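A short worksheet on the structure shown next.
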Amino acid sequence: MSVHKTPEKPPGKSWREVNQERKALKRQRNEEKIERREKKMLLQKELEQKVKEECEEEKKVSEISTISIAVPGSILENAQSAELRTYLAGQIARAACVFCVDEVIVFDDIGEKLNTKKSKLEDADGVVVARKSCVQLARILQYLECPQYLRKHFFPIHKDLEFAGLLNPLDAPHHLRMSNDFKFREGITMNKKVKPGKGSQVNVGLLKDVSTDKLLNPGIRVTVKMIPTPEGSKKLKGKIVSLATPRAETGVYWGYTVRIANNLNQIFTQCPYKDSYDLTIGTSDKGTPIDDMPNKGVTFNHALIVFGGLHGIEAALESDELLQVDDASLLFNHYVNVLPNQGSRTIRTEEAILIALTSLKAKLKPNNAPMEFKEGGIATSSLYPVQQNNNSASTTESKIDLSKFD
């Protein structure tokens, strides 16, 4: 039989004082409990707000209007030497960069009619097997778009890139140098051990790697949004974001992506955008004059402009057995002749790209155009560096010619 013991009164204290202390302690515990609950609710609200902001940011990124161009890989087969093939690819890369093209599609316009060599290339969808000329064009386009400090990681020595050093640099805004202070940078995830709960270390072309918020496999190219660190802090921190985020937030052009299509049909069916291309334009000397299109009269979310090879888009249609269409113009919303009354019998594909993009710039009206870039911090041209003020301290970079690194 258990005996109930009366709690002993501490010596030197009255029961009244003991009860008051107990009530105060109980009150304190209740207050701490309420405080913990409020803190938990506050963290929950912050998390919900963060998720909401990320969803809005992703929506904002996905809504930006884009321009894609499709170029046949067979145009390299018409070049007389390896140097000229490489230079031709460089001209296409320059045109894509100058006109802020978001996606370049290299397609096979000949197909299986000719027994040609195949080659492999790694893109966003994995390893692709395609016609050798298509792979070489895509590889050179990828190489030129990649920031210089990342090329050694992604492009080992390859015969397709033998003469890539002769090409003009793109001088794109995302080809940042060490001295450029911009809030976005391209990087590669490193094979370094990190503490549990921490993200990958990323090389973004600075003296130190950046600690990020996501743990990814090593060797992946990522876009990092730099997080401002307190003055005196030695660690660099960043957040991994989508490739389209820099342009959505700042308006700066952030390069193009490259994909390969093994026929004309795959240009349309393998579109990376959710709602596919809502505006398709084919270019041919058999099309209607481009001047017939009204200025700023054609709206779009995702525009696609397809260029033909030596024998035009019509030849690409004939070699594609999946497309049951007799007239190439039926594949597109607009089938245009980019330069009526031309002086030469033929307009080369690299020339047609420049002519078409110049003419269409005044014709097309994006539904959600990127904002105008007004910030600083991006790389200036290596040929025409910004003049320093007399009052400003001369930097190390102003004394060094960096053009050789492009």
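The values are calculated or read from the model by the stated rules, or taken from the named source; none is laboratory data. Remember, predicted model here, so these are calculated numbers, not experimental data. Cβ: placed from backbone, ideal geometry, glycine included. Neighbour counts: every protein chain shown.
Just give me the residues in segment 305-345 being free of Cβ contacts under 8 Å to residues at least 12 places away in the same chain and either of a type in the set (V, I, T) or in a helix (DSSP H, G or I) (or both), in sequence order. E318, V325, L330 - these are the residues of segment 305-345 that are free of Cβ contacts under 8 Å to residues at least 12 places away in the same chain and either of a type in the set (V, I, T) or in a helix (DSSP H, G or I) (or both).
One line per residue, one yes/no per condition, for (1) assigned to a helix (DSSP H, G or I); (2) modelled with pLDDT of 95 or more:
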position: L25; (1), (2): yes, no
position: K40; (1), (2): yes, no
position: I67; (1), (2): no, yes
position: I92; (1), (2): yes, yes
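From the list K225, K237, K208, which one is at pLDDT 90 or above, under 16 Å from the mean Cα position of the chain (by Cα) and either surrounded by fewer than 16 Cβ atoms within 10 Å (Cβ to Cβ) or not assigned by TED's automatic domain parsing to the domain that holds E122 (or both)? Sole residue among the options that is at pLDDT 90 or above, under 16 Å from the mean Cα position of the chain (by Cα) and either surrounded by fewer than 16 Cβ atoms within 10 Å (Cβ to Cβ) or not assigned by TED's automatic domain parsing to the domain that holds E122 (or both): K225. All but one of (1) in contact (Cβ under 8 Å) with a residue 40 or more places away in the chain; (2) touching a strand residue (DSSP E or B) at 6+ places or on another chain (Cβ under 8 Å); (3) within 28 Å of G376 (Cα to Cα) hold for I188; which doesn't? Of the numbered conditions (1) in contact (Cβ under 8 Å) with a residue 40 or more places away in the chain; (2) touching a strand residue (DSSP E or B) at 6+ places or on another chain (Cβ under 8 Å); (3) within 28 Å of G376 (Cα to Cα), the odd one out for I188 is (1).
Would you check if F184 is of a type in the set (F, W, Y), crowded, with 19+ Cβ neighbours inside 10 Å and in contact with a His (Cβ under 9 Å, 6 or more places away or on another chain)? Answer is yes for this residue.
Listed by position, the strands (runs of 3 or more DSSP E) contained in segment 152-232 that have at least 1 residues being of a type in the set (D, E) are 184-189.
Note on segment 247-297: residues that are within 24 Å of E350 (Cβ to Cβ), β-branched (V, I, T) and surrounded by fewer than 17 Cβ atoms within 10 Å (Cβ to Cβ) amount to 1.
Quick one: would you say R185 is of a type in the set (K, R) and assigned by TED's automatic domain parsing to the domain that holds K239? Here the answer is yes, as R185 does meet what is asked.
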